[in-house]
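One structure is given here, and the rest of the page talks about it.
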Amino acid sequence: MDHPSVSSRARAARSGLTVPLPVTRVRRLTELVSAKTRGFAVFLVGSRGPYARAFENFILALVIFSIASIGVESIPGLPAWATQTLHVAEIVTVAIFTFEYLLRIVAAPNKFAFIFSYQGVVDLLAIAPFYLLGFDARWLRALRLLRLLRVLKLQTHFLETVVEERTRELAEKNAALEKAQAQLKAELEVARALQLAILPSAFPKRSGCEAAARMIPATTMGGDFYDYIELPDGEIGLVIADVSGHGVPAAFFMAVARTNLHELAAHHLDPGECLAQTNDALCAQNPLDLFVTVFYCVLDPKSGVLRYANGGHNPPYIRRAAGPVETLRGAGGLVLGAMSGGRYPTHTVQLLSGDRLVLFTDGVTEAFNSADELYGAQRLADEVHVHGGGTPAALVERICQSVTNFAGTAPQSDDITLTVLTWGTS
Amino acid sequence: MNLQIEATGDVTVVEPVGRLDFDAAPGFQEALERAMGGAGKPPGAVIVDGARLEYVSSAGLRAFLLTARAAQRSGIAFSLCALQPAVREVFELSGFSRIIPVHADRASALAQAQQGRT
């Protein structure tokens, strides 16, 4: 082998690398080991080396043989040839142990740590007596007993195997858990995308009408929804709804409620009758006892006449073209899905050119801030009054921003949904 | 949210304190089930006193709905009283005040419960 530090530093200098001057012997020793030697060592004794398992088993067999031979050797009156053979075997065994010990030092990323580790000390003790007895001093014969310490080598071997196995099992379980979690998350994301796809992306094209909407779910999946329905005779149905609770159950119920209402709307042009039919349908398929508040209205875009019915929902606002805000207070019925056979009266209101209809869920008015105060109906009415003159999209954006600013750092506790419709502007 | 349950004679009064939202609803519903006797002997009437109930979300309303249904099945008179204005509005808007009797104060709710039993 090359002379230690000189050659490796020379090599490093040639390759343009700067190597700090070796300050300790250990560092010198490290430099002595070329990458090739280390590669070979890791190949045999590294925890991931391809022949590590076979080499380990070979050493284990040798340890057992060596312990047995120590026992045989101690039998008195052994024939000379046997003593001779055992002596040769001892030399070979110790040579292999020594080779193994050196390999492990070479393969260890931190030489010091290995030499002073439990395994390092045991490996050294297993071979040390042989070298010390080379002096053949009588008093050193007592050290022969030290060879029995090879038993410890057995223990480290099994300890290592057990730790390795447990670590692998743990890693496998962790990987399985992570995989399951990722799968669940991916499925929820798909469900969320499906739910958002249920919501209409555009308002039916009608001259003089313009609308915008937004739903911001509190959790991955929301229970709020809005809908635009194209009806016979060119009328437009408008829905805003809020399912009790949120999460996956609410999302399922939302999909069922939305589908029922959408289907029934075409057959029952009276909003109250439509809600009554939807309620009965929901009551018949409601295993979780959920319910939904629904405001449903039908607009005749030609005349501006709005017919509406309310199933337990927050009454919407009408912002008149001149600015005043009115509440659509017409008496409603019970939330849908709670009790079959309910009645939902239909009311009528005349929209005038430039009026805006603002539908919302209680996620808007019941947003809390960090001081536990409610956003409240008054703040919403003020926003609608002051900023309702622009496009529906601008008003939706304005209100969402206002609620977000108000809530500050407080977590969103309920879905926030808004729909704004203008009539008679174009 | 906190709760006080008070049983006098044949009538159990439940007084929730604070906000009845999505997170508080399951605990509240459990308390109402206990108030209705659980597996034991049911009382004649259960009253929820809303004097210190600050807020009810839709999940909270659902707890009231389930209790009203269970009470009806077991023949227990279920009513509310002393609701704060904001909570009262929620019950009126949702139509729940039409399926669960709402009294102005605890005294009139208790009087109604006594009357119902004679």
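The values are calculated or read from the model by the stated rules, or taken from the named source; none is laboratory data. Quick caveat: nothing in here was measured; it's all calculated off a predicted structure. With ideal geometry, Cβ positions are generated from the backbone for all residues, glycine too; neighbour counts draw on all protein chains shown. Just so you know, the surface numbers come from the protein's heavy atoms only, side chains and all, with ligands and any DNA or RNA stripped out. Shrake-Rupley method; radii C 1.70, N 1.55, O 1.52, S 1.80 Å.
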Residue match in region A:288-311 (condition: open to solvent by 20 Å² or more (accessible area, probe 1.4 Å) and over 26 Å from A:VAL396 (Cβ atoms)): yes
Enumeration of residues in region B:46-83 that are under 14 Å from the mean Cα position of the chain (by Cα) and of a type in the set (S, T, N, Q): B:THR67, B:GLN72, B:SER79
Some residue of region A:257-266 being assigned to a loop (DSSP other than H, G, I, E, B) and free of Cβ contacts under 8 Å to residues at least 40 places away in the same chain: yes
Pick from region B:68-87, criterion farther than 18 Å from A:ASP289 by Cβ and within 14 Å of chain A (Cβ to nearest Cβ), ranking: least open to solvent (accessible area, probe 1.4 Å): B:VAL87
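Give the residue, chosen from B:VAL87, B:VAL14, that is among the hydrophobic types (A, V, I, L, M, F, W, C) and in a strand (DSSP E or B). Show your work before the answer.
On the way: B:VAL87 fails: in a strand (DSSP E or B).
Going through B:VAL87, B:VAL14 in turn, just one is among the hydrophobic types (A, V, I, L, M, F, W, C) and in a strand (DSSP E or B): B:VAL14.
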Yes/no for A:THR167 being open to solvent by 50 Å² or more (accessible area, probe 1.4 Å), more than 16 Å from A:ASP415 (Cβ to Cβ) and of a type in the set (Ser, Thr, Tyr): yes
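Taking the residues in region A:409-426 that are open to solvent by less than 50 Å² (accessible area, probe 1.4 Å) and not in a strand (DSSP E or B) as candidates, determine which candidate is nearest to the other protein chains (Cβ to nearest Cβ).
The initial filter retains those residues of region A:409-426 that are open to solvent by less than 50 Å² (accessible area, probe 1.4 Å), namely A:410, A:414-424.
So of that shortlist, the ones also not in a strand (DSSP E or B) come out as A:410, A:414-415, A:424.
Values: A:ALA410: 12, A:ASP414: 7, A:ASP415: 10, A:GLY424: 29 Å.
Here the answer is A:ASP414.
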Only one of A:GLY341, A:GLY330, A:GLY323 that is more than 9 Å from every other protein chain (Cβ to nearest Cβ), free of Cβ contacts under 8 Å to residues at least 24 places away in the same chain and in a loop (DSSP other than H, G, I, E, B): A:GLY330
Residue pairs meeting the criteria (Cβ under 8 Å; at least 6 apart or on separate chains; first within 17 Å of A:GLY39 (Cβ to Cβ) and touching a residue at least 40 places away in the same chain (Cβ under 8 Å), in region A:102-123; second open to solvent by 40 Å² or more (accessible area, probe 1.4 Å) and of a type in the set (S, T, N, Q)): A:VAL106/A:THR37; A:LYS111/A:THR30
Residue match in region A:267-281 (condition: open to solvent by 50 Å² or more (accessible area, probe 1.4 Å) and within 17 Å of A:THR419 (Cβ to Cβ)): no
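Filter region A:220-234 down to the residues that are of a type outside the set (Phe, Trp, Tyr) and surrounded by 19 or more Cβ atoms within 10 Å (Cβ to Cβ) and list them by number. Step through it out loud before you land on a result.
Within region A:220-234, the subset of a type outside the set (Phe, Trp, Tyr) is A:220-224, A:227, A:229-234.
Result: A:MET221, A:GLY222, A:GLY223, A:ASP224, A:ASP227, A:ILE229.
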